[in-house]
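Input: a single structure, listed below in structure tokens.
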Amino acid sequence: MIRKVAVLVMDDVAPFELGIACEVFGSDRSAEGLPSYDFKLCSPDGGPVRSHVGFGIVPHADLTPIPDADLVIVPPHDDTVSTPPAVLDVIRAANANGARLLSICTGAFILGEAGLLDGRHCTTHWRHTEKLAQRFPAAIVDPAVLYVSDGNLLTGAGTASGIDACLHLVREVHGSAVATKLARRMVVPPHRDGGQSQYVETPMPASDGGGSLEPLLAWLVANLERQLTVEDLATRAHMAPRTFARRFKAETGVSPHDWLTGQRVLLARRLLEDTELGVDAVATHAGFGDAVNLRHHFSRRVGATPQSYRRTFRDR
């Protein structure tokens, strides 16, 4: 069970994600039949800290509650600044004492500095996943998910995915009925399908050095509904197929098939968001041919089915 919750706050803490932790675990809703917790905001010296938008936050305590907490939450902080050794020590102590550790967004970097991501599945905001993997090469970073649970470690992706991670933890500890009731109280879905890939913009990749294939890429974007082979594209580029395939990968970083599939998925996303076309029509316009092929590639690239993606974004 979770009774004691300690949240780390230091200068440049992100207030939105901190607010998620406070909303889920810091609000006493026992009168509504929901769990309540011994909740503490903890700063390195117990004094006020400055949020990254400039206003001050007054914590409850210094780092003392963290080693004995049942749950330690690490919201995002400036990942370019080294974490004080005393902070890393208490996080390691909490881990050794069997606490659950929950990071949101770049909070994962602090867990990495404490050595707690080595050999563990984890995530962070999609803008920072590559950096996280580079800084902590022993970590197993998944860039596509909203959150990852690995033993006592739960890492959430960017911003609002902290809600998903916190509700997942509530569901795991207290059951689905409690998590659903809390989600209804917060006016959020109790569970979101798909991963953070569906929120990543994927514009047409630019080729290196002004690249000779740019006119072809522009033409392809305007003609994605056509069924084209590598041979067709090579002919249009006035190259042999093998030469074309090598040149294409050198300029875009991916194969012609992968590039076309990515652009077709991007077009399908736009059609699902901005039109009332049925899934079959979207598949045709995006060059997938049929709904089965669209669902296959869309789900692999986006982490959600076309129907669930449309439900998420139709009111956007």
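The values are calculated or read from the model by the stated rules, or taken from the named source; none is laboratory data. This one's a predicted model, so the numbers in the text were calculated from it and none came from an experiment. Methodologically, a virtual Cβ is constructed for each residue, glycine included, from the backbone with ideal geometry; neighbour enumeration extends over all protein chains shown.
So how many residues does the range 129-138 have that are part of a loop (DSSP other than H, G, I, E, B) and either surrounded by fewer than 18 Cβ atoms within 10 Å (Cβ to Cβ) or at pLDDT below 95 (or both)?
Residues of the range 129-138 that are part of a loop (DSSP other than H, G, I, E, B), as a first pass: 136-138.
Now narrow it down to the ones that are either surrounded by fewer than 18 Cβ atoms within 10 Å (Cβ to Cβ) or at pLDDT below 95 (or both): 137-138.
Of the residues in the range 129-138, 2 are part of a loop (DSSP other than H, G, I, E, B) and either surrounded by fewer than 18 Cβ atoms within 10 Å (Cβ to Cβ) or at pLDDT below 95 (or both).
For Ala94, are the conditions met, namely being over 20 Å from the mean Cα position of the chain (by Cα) and either surrounded by 22 or more Cβ atoms within 10 Å (Cβ to Cβ) or among the small types (Gly, Ala, Ser) (or both)? Steps first, answer last, please.
Details: over 20 Å from the mean Cα position of the chain (by Cα): yes; either surrounded by 22 or more Cβ atoms within 10 Å (Cβ to Cβ) or among the small types (Gly, Ala, Ser) (or both): yes.
Considered against the rule, which asks whether it is over 20 Å from the mean Cα position of the chain (by Cα) and either surrounded by 22 or more Cβ atoms within 10 Å (Cβ to Cβ) or among the small types (Gly, Ala, Ser) (or both), Ala94 comes out as yes.
Within the range 13-128, considering only strands (runs of 3 or more DSSP E) that don't extend past its boundaries, which have at least 3 residues that are touching a residue at least 60 places away in the same chain (Cβ under 8 Å) and not assigned by TED's automatic domain parsing to the domain that holds Thr159? Working first, answer last.
Numbers: elements: 38-42, 71-74, 100-104.
Ranges flagged: none.
Note down all Cβ pairs under 6 Å where the first residue falls in the range 173-195 and is in a helix (DSSP H, G or I), the second is at pLDDT below 85 and of a type outside the set (D, E, K, R), and they're at least six residues apart or on different chains.
These pairs meet every condition: Ala179/Pro190; Thr180/Pro190; Ala183/Pro190.
Considering only the range 229-276, state which residues are of a type in the set (Asp, Glu) and farther than 29 Å from Gln198 by Cα. Walk me through it before giving the result.
Step one: filter the range 229-276 for residues of a type in the set (Asp, Glu), giving 231-232, 251, 258, 273-274, 276.
Glu231, Asp232, listed by residue number.
Determine, yes or no, whether Leu217 is in contact (Cβ under 8 Å) with a residue 24 or more places away in the chain and in a loop (DSSP other than H, G, I, E, B).
Working: in contact (Cβ under 8 Å) with a residue 24 or more places away in the chain: yes; in a loop (DSSP other than H, G, I, E, B): no.
Answer is no for this residue.
Would you please list the contacts, defined by Cβ atoms under 7 Å and residues six or more apart or on different chains, that run from a residue in the range 241-253 that is outside any helix (DSSP H, G or I) and small (Gly, Ala, Ser) to a residue that is modelled with pLDDT under 80 and surrounded by fewer than 16 Cβ atoms within 10 Å (Cβ to Cβ)?
Short answer, once both residue conditions are applied: Gly253/Pro205.
In the range 162-171, is there at least one residue being closer than 15 Å to Val74 by Cα, more than 16 Å from the chain's Cα centre (by Cα) and modelled with pLDDT of 95 or more?
Yes, the range 162-171 contains a residue that is closer than 15 Å to Val74 by Cα, more than 16 Å from the chain's Cα centre (by Cα) and modelled with pLDDT of 95 or more.
Which of the residues spanning the range 31-61 are farther than 17 Å from Asp79 by Cα and β-branched (Val, Ile, Thr)?
Scanning the range 31-61 gives Ile57, Val58.
Can you tell me which residue is surrounded by the most Cβ atoms within 10 Å (Cβ to Cβ) among those in the range 205-228 that are at pLDDT 85 or above and polar (S, T, N, Q)?
Only one residue tops the list, namely Asn223.
What are the residues in the range 233-245 that are surrounded by 13 or more Cβ atoms within 10 Å (Cβ to Cβ) and of a type outside the set (A, V, I, L, M), if any?
Scanning the range 233-245 gives Thr235, Arg236, Pro241, Phe244.
Of the residues in the range 139-164, how many are touching a helix residue (DSSP H, G or I) at 6+ places or on another chain (Cβ under 9 Å) and assigned to a loop (DSSP other than H, G, I, E, B)?
Qualifying residue count for the region: 11.
Among Asp164, Asp118, which is closer than 22 Å to Arg100 by Cα and either exposed (fewer than 15 other Cβ atoms within 10 Å of the Cβ) or of a type in the set (Phe, Trp, Tyr) (or both)? Walk me through how you get there before you give the answer.
On the way: Asp164 fails: either exposed (fewer than 15 other Cβ atoms within 10 Å of the Cβ) or of a type in the set (Phe, Trp, Tyr) (or both).
Of Asp164, Asp118, the one residue that is closer than 22 Å to Arg100 by Cα and either exposed (fewer than 15 other Cβ atoms within 10 Å of the Cβ) or of a type in the set (Phe, Trp, Tyr) (or both) is Asp118.
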